[in-house]
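The values are calculated or read from the model by the stated rules, or taken from the named source; none is laboratory data. All of these numbers come straight from a predicted model, not from anything done at the bench. Neighbour counts are summed over all protein chains in view; Cβ atoms, including those assigned to glycine, are modelled from backbone coordinates with ideal geometry.
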Amino acid sequence: MIVKEEFLSKLRRYFSLNLYEVKIWAALLSRGVSTAGELSDIANVPRSRSYDVLESLEKKGFVIMKLGKPIKYIAVPPTEVVGRVKKNMRTEAEEKVNRLNKLEGSDVLNELSTLHTQGVELIEPSDLSGSLRGRHNLYNHLEMMIKNANESVTLMTTAQGIMRKVEGLKPTFEKISKRGVNIRIAAPITKESMSAIKEMRDIAEVRHTNSNARFCIVDGKELVFMALDDKDVHPTYDIGIWVTTPFFAKALDDLFSSSWKHMKAVDDVKLE
């Protein structure tokens, strides 16, 4: 059986299988019904492993064991397999979420929080910094920072960035706004970004800027700034730098405040 490595890699990614599993499964699909020994030879998988692999595939719903001697295995139609895998993934995800829900307020979480608090107290402020790779990680960290804000959130972003942040972070902004946190957002106001900006009117004060800078300051103490232009970088390669340094964060916040006075309000911007 000749199967391209690229195809096997796709199967591993889509169905969360290991290399031996995808090889045995592909071999069985090509035969329909076969023994473990035959599949081992076809797939070039050690015979000592083929039985374990087939047992694993059976539990996952990819194959059916046919009773008799010798024991044979029947391939489940791929369309049926997709449905089973989706169902299993949902079940596993729900179980994991339920476990994590039970963790909230538990002694285990309290002990973890105590460990973290004691550990942070021993860390120099300059050590609380790091790089964030990938836009998904960036937004997760931004959400955590914004969620914990007590006084202020200062955000400067691009026209595309404001649309992404409204889509992904609006519920978080709403929560902190109800707590009285002051939210200022500066972004280029365009026809494309106007609808997103209007959604934020009751939550934050938004003003127009021609700058494409990208940063977020929380409480004048914590800062994340993006190192690349979002127009020129793929989301998976986006990079942000996170620092906890009141001196630098406050200085940048003061510079922002000086520029903020001269930025146009949403209603004063004329769109062409």
Qualifying residue in the stretch 62-75 (condition: closer than 17 Å to Phe15 by Cβ, surrounded by fewer than 12 Cβ atoms within 10 Å (Cβ to Cβ), modelled with pLDDT under 90 and not aliphatic (A, V, I, L, M)): no
Residue in the stretch 96-112 that is modelled with pLDDT of 85 or more, among the β-branched types (Val, Ile, Thr) and assigned to a helix (DSSP H, G or I) present: yes
Tally, over the stretch 179-195, of residues that are crowded, with 16+ Cβ neighbours inside 10 Å and within 21 Å of Val218 (Cβ to Cβ): 6
Filtered residues of the stretch 205-239 (kept if over 16 Å from Lys165 (Cα atoms), in contact (Cβ under 8 Å) with a residue 60 or more places away in the chain and assigned to a loop (DSSP other than H, G, I, E, B)): Asp219, Gly220
Residue selected from the stretch 246-272 under the condition exposed (fewer than 14 other Cβ atoms within 10 Å of the Cβ) and among the acidic types (Asp, Glu), by the criterion farthest from Lys198 (Cα to Cα): Asp254
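May I ask you to say which residue of Leu223, Leu228, Leu271 is more than 12 Å from Thr154 (Cα to Cα) and within 25 Å of the chain's Cα centre (by Cα)? I'd like the intermediate steps shown before the answer.
Working: Leu223 fails: more than 12 Å from Thr154 (Cα to Cα); Leu271 fails: within 25 Å of the chain's Cα centre (by Cα).
Matching residue, one of Leu223, Leu228, Leu271: Leu228.
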